[in-house]
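These notes are about the structure you will find just below.
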Amino acid sequence: MSDIHEIEHPLIAAKLTRIRDERTPSEDIRALLRQITVLMAFEATKSLPTTLIPVRTPIAQGEFRTLACGPITLVPILRAGMGMLDGMLEVLPDARVGYIGMRRDEESLQPVEYLCKLPSDIGAAPVIVLDPMLATGGSAADAVSMLKAHGAHDIRMMNLVAAPEGIRAFQDAHPDVDIFVAAIDDGLNERAYIVPGIGDAGDRLFGTDA
Ligand code: PRP
Ligand code: URA
């Protein structure tokens, strides 16, 4: 079974509290989510493989660690995943970016795919999927299925807030994919929104109406 990493850190917690506040405007939510993503990136990339390479410093010759994988592919799930992309690119500036467009049908609560644009050799290096919300887990599970169908096999999932139900559903579907999350909330309401959550992540990030 995959691991669930709830990243507990005072800075992440304080910034998430500000995002949760219904009075926080979109411009602040965008900045806070980018900052949280940078902080979470350290944990989400901790298990990346490294190798030693020879380097001469101004003082001496030595062997030092460098990443032993090709350029990582970041895959934001549109729309809300875009709110995490810039933060990840700050720490992984040479990453490639693939896009999966997925919207949740608010009647059936099922994810509907509307875009898939990925590097053709996506299986060559690790993939990190970005989406602030893991609610029922349907969107994340479908996105990872699409990535696997395109050849990806070393996949990590990064979320801001997750519901226990969504974590279980996602782990059942993809027991090989670790989840990195800033907070695990109480559960889902009758419309499958995370409680207490942050509301509709896409609408809050981009200032659209729910
Ligand atoms: C949100 C969120 C996830 C999905 C989570 O996207 O960004 O992709 O809902 O819900 P689930 O776990 O129950 O599938 P939404 O469908 O609202 O689209 P948006 O990002 O374009 O607003
Ligand atoms: N999608 C969101 O944006 N928020 C939720 O709470 C659940 C799904």
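Rule-based calculations on the coordinates, nothing more; no lab input. Everything numeric here is computed off the predicted structure, so don't read it as measured data. Virtual Cβ from ideal backbone geometry, glycine too; neighbours counted across all protein chains shown.
Tabulated results
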{"read-out": "Rounded Å value of the spacing that divides the Cα centres of the stretch 143-210 and the stretch 30-81", "value": "22"}
{"read-out": "Alpha-carbon gyration tensor eigenvalues x 5, square-rooted, for the chain, Å", "value": "30, 20, 15"}
{"read-out": "Under 5 Å, built H, 5+ apart or other chain: amide partners of R96", "value": "I72, T73, L74"}
{"read-out": "Leading residue at positive end of dipole, the stretch 86-210 (Cβ point charges), from A162, P93, Q110", "value": "P93"}
{"read-out": "Bins of 10 Å from zero: percent of alpha-carbon pairs in the stretch 10-80", "value": "15, 31, 25, 18, 10, 1"}
{"read-out": "Dipole in debye (nearest 20) - the chain, about Cα centre, beta carbon charges: Lys, Arg +1; Asp, Glu -1", "value": "680"}
{"read-out": "Folded to 0 to 90 degrees: helix 10-20 orientation relative to the chain principal axis, Cα", "value": "30"}
{"read-out": "Over the stretch 4-206, relative contact order from alpha-carbon pairs under 8 Å, at least 6 apart, %", "value": "22"}
{"read-out": "Selected from G137, A124, P58, residue furthest toward positive end of dipole (the chain; charges at beta carbon)", "value": "P58"}
{"read-out": "Gyration tensor over alpha-carbon atoms, the stretch 88-210, equivalent ellipsoid semi-axes in Å", "value": "24, 16, 15"}
{"read-out": "Spatially proximal lysines relative to K117 (Cα-Cα < 19 Å; intrachain offsets below 8 disregarded)", "value": "K148"}
{"read-out": "Stokes-Einstein diffusion coefficient of the stretch 80-129, Kirkwood radius over Cα pairs, 25 °C, 0.890 mPa s, in µm²/s", "value": "194"}
{"read-out": "Counted charge near S47, where neighbours are those whose Cβ lies closer than 14 Å (Asp, Glu -1; Lys, Arg +1)", "value": "-2"}
